[in-house]
């Protein structure tokens, strides 16, 4: 880590001889955001004035990077001799210095471990989220674990974009990987932020597969496709240096996954059979996790195989019943209807907290 302070040696010779050492300088940053720099890159401009024999002189001086690394700037418009201009870190130092931190606690209502963020890196510090852009209408992403649900909260400026339930959200990553989500519920007031009620957010449920993609690939763009037919909303990941943004978001996702693993989260994975033809027969099934009494309503071409894949992660999961349908399309529609029926008892993913009457009804339905 190297700190660069403002000293008189940064000024040209003539200015050094005549400048008032107590004066303030206007300081304009090229970007102001953390960025990758190389020696000699221009990072800011000083403007100032001085007198030579009562003749007014106005001048400017370019501030250049003196080391290779990641620059973090002192965001001020006025500066004096001795003030910090910027700090240069290696990437390893930067990740360590601005690393995320969380604490694990026991949720006595859900009777399981949970976690909360206690410190977030430079891209998420003010709103506890990862901003995709610096524009006033920026969207941002927060990774949360609430009430046993793995959530990606998407915050947006409500005067600029108005997503509704059943609109589609797409995340584009490198290697042409796209994650697709559907907004299930109306937006709500943003959990945290700096603009009062100007921002709202909606929640998307995450699977282990989703989070694994976030941990291993670079997030490029977010797109909201409206059912109303209006033009889609598109936001790009351009907040700061692109490489740093990629690095920090991946680290954010990795820390999120680590926290969830420490909580012992029973990961919700997307059905691996989803790639099979939609005209093949398919089952709607009901499973139970005997350790907590939670029930899973899902679909699979081979429910016994699905039970085995889930048991490899948590042996206490059991298949209770399954009903066969002539195609995956019909099975999916039936599953969606059941999810809507028990929406008030939804926990996360395809898991529900059902009572004895619900189980009797479902068992009869899925005979």
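Here residue 110 clears all of (1) in a strand (DSSP E or B); (2) assigned by TED's automatic domain parsing to the domain that holds residue 147 except the condition numbered (1). Screening the candidates 179, 219 for the property of being at pLDDT below 85, touching a helix residue (DSSP H, G or I) at 6+ places or on another chain (Cβ under 7 Å) and closer than 16 Å to residue 143 by Cα yields one hit, 179.
Only one entry in 288, 284 is in the same structural domain as residue 305 (by TED's automatic domain parsing), at pLDDT 85 or above, over 30 Å from residue 70 (Cα atoms) and in contact with a helix residue (DSSP H, G or I) (Cβ under 8 Å, 6 or more places away or on another chain), namely 284. Scan the stretch 24-59 for residues that are surrounded by 12 or more Cβ atoms within 10 Å (Cβ to Cβ), more than 32 Å from the chain's Cα centre (by Cα) and assigned to a loop (DSSP other than H, G, I, E, B) and jot them down. Of everything in the stretch 24-59, just one residue is surrounded by 12 or more Cβ atoms within 10 Å (Cβ to Cβ), more than 32 Å from the chain's Cα centre (by Cα) and assigned to a loop (DSSP other than H, G, I, E, B), namely 24. Quick check on residue 93: is it closer than 30 Å to residue 257 by Cα and surrounded by 11 or more Cβ atoms within 10 Å (Cβ to Cβ)? Here the answer is yes, as residue 93 does meet what is asked. Residue count for the stretch 78-95, restricted to those that are over 26 Å from residue 120 (Cβ atoms) and part of a loop (DSSP other than H, G, I, E, B): 4. Taking residues in the stretch 3-16 that are assigned to a helix (DSSP H, G or I), and partners anywhere that are at pLDDT below 90, the pairs with Cβ atoms closer than 7 Å and at least 6 places apart or on different chains are 15/50.
Scanning the stretch 158-179 for residues that are surrounded by fewer than 18 Cβ atoms within 10 Å (Cβ to Cβ), within 19 Å of residue 339 (Cα to Cα) and in contact with a strand residue (DSSP E or B) (Cβ under 8 Å, 6 or more places away or on another chain) yields 166, 168. The condition of being assigned by TED's automatic domain parsing to the domain that holds residue 179, modelled with pLDDT under 90 and within 29 Å of the chain's Cα centre (by Cα) holds for only one of 314, 250, 332, that being 250. Here's a check for you: in the stretch 330-363, which residue that is outside any helix (DSSP H, G or I) and without any contact (Cβ under 8 Å) to a residue 12 or more places away in the chain is surrounded by the most Cβ atoms within 10 Å (Cβ to Cβ)? Ranking the qualifying residues of the stretch 330-363, first place goes to 346.
The values are calculated or read from the model by the stated rules, or taken from the named source; none is laboratory data. These numbers were taken from a predicted model, which means no experiment stands behind them. Ideal geometry is used to build each Cβ from the backbone, glycine not excepted, and the neighbour counts take in all protein chains shown.
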